[in-house]
Amino acid sequence: MKFTLGWLKEHLDTNASIDEICERLTMNGHEVEGVEDRAKGLEEFVVARIVEASQHPDADRLRVCTVDYGAGETIQVVCGAPNARTGLLGVFAREGLYIPGTGITLKKAEIRGVASSGMMVSEREMKISDDHDGIIEFAEGEDHAIGSSAVAALGLDDPVIEIGITPNRGDCLGVRGVARDLAAAGVGTLKAIAEGPVPGAFKSPIDVHIDLEGDDRKACPMFVGRYIRNVHNGESPKWLKDRLEAIGLRPISALVDITNYMTFAYNRPLHVFDADKVSGDIHVRFARGGETLLALNEKQYTLDPSMTVIADDNRAEALGGVMGGEESGCTESTVNVFVEAAFFDPVRTAATGRKLNLQSDARFRFERGIDPAFLVDGMEIATHMIMALCGGEPSEVIVAGEEPAWRRTIDLRLERVRTLGGVDVPDDEVVRILTVLGFEIDRAGDTLHAGVPSWRPDIVGEACLVEEVVRLHGYDKIPAVPFSALDGLPTAAYDADQKRRASARRALAGRGLVEAVTYSFLPSAHADLFGGVADGLRLVNPISSDLDVMRPSVLPNLIAAAGRNADRGIPNAALFEIGPQFDGPNPGEETIVTGGIRTGDTGPKHWARAPRPVDVFDAKADALAVLGELGAPVDKLQVFEGSADWYHPGRSGELRLGPKNMLARFGEIHPRVLRRMGVKGPVVAFELFLDALPKPKGKGPARTLLRLSNLQPISRDFAFVVAADVPADKIIGAAKGAEKALIADVQVFDVFAGGNLGDGMKSMAIRVVIQPGEQTLTDEQIDGISASVVERVEQATGGKLRG
């Protein structure tokens with residue numbers, strides 16, 4: 001938002017300096033992004049008159065000018081401007097001055113044999129515009145003293161202030177709204193609007209119809225129009241052109257400039273139609289499918305029924321809240337006009353602009369909030385300006401529809417300014433601030449009933465009122481309050497789940513895996529390979545077209561990362577990640593999972609031992625190592641064959657604590673999955689569900705006291721012939737159960753099938769380690785334990801001790 005200091009003072013009666021105003025603006029929440037002093041470097045340029053201009057004796061396009069610049073003498077200047085002539089009042093730069101538009105410092109020179117000192121300058125040479133068709137020429141009637149400051153004569157002594165406006169403060173997209181904020185902050189007094197109603201001399205020949213029904217009526221609930229006849233659309237006066245040029249707008253004609261002025265002065269976008277180009281009445285309706293509009297930016301747009309248009313009896317003439325049409329626009333030949341001030345739905349206006357990729361000052365303001373109660377008043381101010389600058393005779397005001405509902409009252413308990421805002425503000429000051437902001441205050445004891453003004457749709461509750469008071473009283477006046485000292489020692493920063501994740505990281509890093517952090521989303525094609533996702537997990541606005549769903553598993557991104565590494569010459573990868581995977585779109589439907597993969601071989605080539613491809617047992621070992629580190633009862637876990645569809649059905653399994661509580665799954669990734677992901681195998685993986693682990697109980701020691709025996713352990717080997725589908729852990733579990741107090745370990749050391757064992761049978765040899773505790777065991781005791789092992793294994797497996 002840009003405005004000049006002089007423009008601001010048209011609405012704010014203040015003696016504050018520009019520095020004080022800028023400081024207050026920033027404290028009010030409108031950050032000052034820049035102050036442009038357009039007079040800087042031009043202070044010594046003066047108003048001068050060409051007393052005489054004669055033809056250069058040796059150049060057809062040059063004139064020899066005698067210039068009076070107020071120094072009590074004239075000076076000779078050679079000028080090549082086409083408008084250099086006797087009597088012209090312009091701007092002179094004397095010898096020695098720096099010309100910002102050309103980057104040169106003037107020196108006395110001789111041009112084609114004629115001496116020249118100084119120069120008459122153009123706007124481009126002063127760097128105030130790109131106009132260089134001729135030297136600056138003050139219009140007839142502009143009475144500027146010879147030798148006076150050119151900066152003042154050109155209106156450049158009014159600095160331009162640019163502030164940032166937050167999206168909720170649409171009311172400050174007009175100079176008057178900024179002035180109101182400053183007045184509430186105590187910088188000055190808001191001036192009243194002097195213009196009153198303009199009596200209508202006749203009934204408008206153009207009527208207005210809002211052709212919208214029911215809920216569609218909110219697209220344009222109110223439309224105010226006025227017909228003005230016999231206008232003269234000439235050039236705007238200097239003050240108006242100076243205002244618009246200062247904020248970067250190009251003056252076009254008086255009628256167009258008035259609408260731009262109203263937009264920036266009062267945050268009230270208007271549009272002026274050439275009434276003689278309008279067929280019949282004005283209709284506010286939705287666009288028809290395929291309807292087109294040639295907009296004022298000279299571009300053709302194809303409209304659809306979601307867009308609000310202002311139309312005549314034949315065609316669309318303007319896009320409501322966005323931009324007018326070229327075919328009914330005003331030109332120098334315009335005589336009769338129809339002025340429009342309407343309220344358009346912010347959401348529909350924004351959607352229209354985005355669909356058409358069409359930005360305008362009107363759209364920018366309608367999106368952020370236009371005062372719905374300022375339509376008639378805005379029309380009256382604009383009518384005054386049109387009559388003052390263009391003449392004409394106005395009709396009666398036409399009002400179609402009614403204001404949208406905006407009235408609401410919010411109660412403010414005065415003590416909330418202190419308890420919520422943290423600062424004591426006197427009650428009278430609270431009332432003053434809110435009153436200047438436009439709130440209608442009715443006090444009842446310690447409560448204020450505040451009627452919210454129509455231009456503040458962002459005020460929705462008591463906290464908003466507290467914020468307004470504290471903001472304008474001054475954030476710098478909020479006292480600094482030290483934190484109170486904590487009693488005792490602080491509680492632990494880590495909870496049990498966080499500690500488990502940290503322990504899992506250490507365990508996996510110790511086994512040679514590298515932690516990776518990948519996106520929580522992935523391509524839907526990869527998600528489908530790992531169980532797929534619900535519609536609620538598909539992203540509406542993904543950061544990339546292929547990363548379009550939330551991940552149902554942590555494994556796909558790790559496998560894809562390993563594939564990228566392999567493509568770059570690093571075939572062996574060992575990666576893990578601890579992060580969320582998503583089962584549904586609602587809160588609580590995500591699970592923190594520890595996942596890891598290994599690809600390629602178990603290591604690089606080595607002279608002592610050949611590396612082997614990774615297999616399912618590597619993944620199982622990783623999972624067991626982490627579970628053991630986290631204190632899970634590893635010796636009580638049951639191994640179930642097979643797992644999710646993305647694992648190889650014969651080379652995968654699940655670790656469960658009981659038949660239903662799955663702590664982990666592991667296995668070789670299915671070749672079909674790898675093929676579709678474009679990754680070479682083998683790849684083995686594991687997934688740990690840490691939330692399924694039993695929570696630690698109490699605060700006692702996590703492990704029992706270690707007791708070491710001083711007696712020599714004894715080992716016995718057994719070989720059992722069992723069915724080929726009997727798992728090893730069934731034999732190991734049965735052997736351990738034979739004598740829990742003395743059997744310290746059971747290991748499988750040999751598996752054999754074939755020979756004379758018969759089809760569907762295998763021989764599995766185990767070594768049982770017996771650890772005496774209190775005394776040395778006798779042969780009878782050892783034989784008894786061995787017999788118990790044989791009996792328990794045969795009962796559990798249906799096998800026989802191999803002879």
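Quick look at the numbers
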{"item": "Cβ pairs under 7 Å, 6+ apart, first in the stretch 9-34 and of a type in the set (S, T, N, Q), second part of a loop (DSSP other than H, G, I, E, B)", "result": "THR14/VAL187; THR14/GLY188; ASN28/ALA185"}
{"item": "Selection within the stretch 562-621 - over 19 Å from VAL683 (Cα atoms) and part of a strand (DSSP E or B)", "result": "GLY579, PRO580, GLN581, PHE582, GLU590, THR591, ILE592"}
{"item": "Lone unmet requirement of (1) within 20 Å of PRO633 (Cβ to Cβ); (2) open to solvent by 30 Å² or more (accessible area, probe 1.4 Å) for ALA723", "result": "(1)"}
{"item": "Extreme residue, surrounded by the fewest Cβ atoms within 10 Å (Cβ to Cβ), among residues of the stretch 529-547 that are part of a loop (DSSP other than H, G, I, E, B) and either of a type in the set (Gly, Ala, Ser) or in contact with a strand residue (DSSP E or B) (Cβ under 6 Å, 6 or more places away or on another chain) (or both)", "result": "SER545"}
{"item": "Answer residue from the stretch 311-332, given it is without any contact (Cβ under 8 Å) to a residue 40 or more places away in the chain and over 29 Å from the mean Cα position of the chain (by Cα) and is most open to solvent (accessible area, probe 1.4 Å) among those", "result": "ASN314"}
{"item": "Wholly within the stretch 1-92, strands (runs of 3 or more DSSP E) carrying at least 3 residues that are under 19 Å from ALA115 (Cα atoms)", "result": "46-55, 63-68, 74-79"}
{"item": "Flag if VAL35 is at pLDDT 90 or above, out of contact with any Phe, Trp or Tyr (no Cβ under 7 Å at 6 or more places or on another chain), among the aliphatic types (A, V, I, L, M) and closer than 27 Å to ILE135 by Cα", "result": "no"}
{"item": "Residue count, the stretch 326-352 (criterion: out of contact with any Leu (no Cβ under 8 Å at 6 or more places or on another chain) and either farther than 15 Å from LYS299 by Cα or modelled with pLDDT of 95 or more (or both))", "result": "14"}
{"item": "Some residue of the stretch 653-676 being touching a helix residue (DSSP H, G or I) at 6+ places or on another chain (Cβ under 9 Å), part of a helix (DSSP H, G or I), open to solvent by 50 Å² or more (accessible area, probe 1.4 Å) and farther than 20 Å from ASN572 by Cβ", "result": "yes"}
{"item": "Filter result (under 32 Å from the mean Cα position of the chain (by Cα) and closer than 20 Å to ALA574 by Cβ) within the stretch 502-529", "result": "GLU515, ALA516, VAL517, THR518"}
{"item": "Given (1) touching a helix residue (DSSP H, G or I) at 6+ places or on another chain (Cβ under 9 Å); (2) in contact (Cβ under 8 Å) with a residue 40 or more places away in the chain, index of the condition THR102 fails", "result": "(2)"}
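Residue-by-condition table, conditions (1) assigned to a helix (DSSP H, G or I); (2) closer than 25 Å to LYS9 by Cβ:
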| residue | (1), (2) |
| --- | --- |
| LEU182 | yes, yes |
| VAL187 | no, yes |
| ALA194 | no, yes |
| ALA201 | no, no |
| ASN233 | no, no |
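The values are calculated or read from the model by the stated rules, or taken from the named source; none is laboratory data. Predicted model only: the values in this text are computed from it and were never measured. FYI the Cβ positions are ideal-geometry reconstructions off the backbone, even for glycines, and counts take in every protein chain you see. All accessible areas refer to the heavy atoms of the entire protein, side chains included, with ligands and DNA or RNA removed. Shrake-Rupley method; radii C 1.70, N 1.55, O 1.52, S 1.80 Å.
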